[in-house]
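J.: Have a look at this one.
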């Protein structure tokens, strides 16, 4: 077994402490920005639209993730003292809330650009699916780095296990092994990222035309379906956070909805002409 004795603090400047979670989150966001920007440039789309989209998505991610934690998992705790919601440095972000926040943010971005308020040119003719498929390709990268940050923080731990790769989170005062569920989820997220990235790069044939399997919305629904299906599975190895019915966790119930939406969406896009 691996004994986890790694401090959650990466480095400090006097009284200012920088934690590994923040470092991993920053790596994920920067990786997302530069890789997506590279793909965006290859499509020869306006970079002004890209920077605007990233701005909208960043705030949607943070606000949605925080509000998801508040309302999905600990409403009584936060609503009893609403100012706690603003204490993001104390932790508490929800991937389900982040997904909702990202969706709302993209809709607002699309409406902004469509009206021509954020840029000039042919903004009014931009369809809803024009940018969104590319914008989701690198999102699992951020999720993967966030889970690595959770591992460094010794949080969102797995259930007790005596497997050879179990981890003893000694900084939590424990002496027994647990499933490294954060690493499970990080590996799955990075695998989904690799699959989406490779599919995007190879979605055009040698003549430069899109392959027949490429449909508007395909990458969005693939990302949502695969990511939340993996979330559903990993929940079986996580320590219970909120159990709603004695069988499934709150995280699993919240994952069923996007998986269902993704399944319906995939059927819809392939039935369209």
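Derivation of every value follows stated rules applied to the coordinates shown; laboratory data play no part. Just so you know, these numbers come straight off a predicted model, no measurement behind them. In this analysis, Cβ positions are derived from the backbone assuming ideal geometry, glycine residues included, and neighbour counts consider all displayed protein chains.
J.: Relative to the longest principal axis of the chain, what angle (0 to 90°, nearest 10) does the C-alpha long axis of helix 47-68 take?
T.: 30 degrees
J.: Taking only Cα atoms, what is the 0 to 90° angle, nearest 10, from helix 139-152's long axis to the longest principal axis of the chain?
T.: Orientation of helix 139-152: about 10 degrees from the principal axis.
J.: Assuming 0.36 nm per residue, please report the length gained on full extension of the stretch residue 206 to residue 172 beyond their Cα-Cα distance.
T.: 6.8 nm
J.: Hey, can you rank 54-67, 162-175, 21-34 by average C-beta count inside 10 Å, highest first?
T.: For the peptides 54-67, 162-175, 21-34, the packing ranking is 54-67, 21-34, 162-175.
J.: Could you work out the relative contact order of the chain, using alpha carbon pairs under 8 angstrom and six or more residues apart, expressed as a whole percent?
T.: Result for the chain is 20 percent.
J.: Taking springs between alpha-carbon atoms closer than 10 angstrom, which of 193, 176, 223 fluctuates most in the Gaussian network model of the chain?
T.: Among 193, 176, 223, the largest mean-square fluctuation in the Gaussian network model of the chain belongs to 176.
J.: Still on this structure: Beyond 30 Å, what share of the Cα-Cα pairs of the stretch 2-271 remains, rounded to the nearest whole percent?
T.: 34 percent
J.: Output the 0 to 90 degree angle, nearest 10, between the alpha-carbon long axis of helix 181-201 and the longest principal axis computed from the alpha carbons of the chain.
T.: 10 degrees
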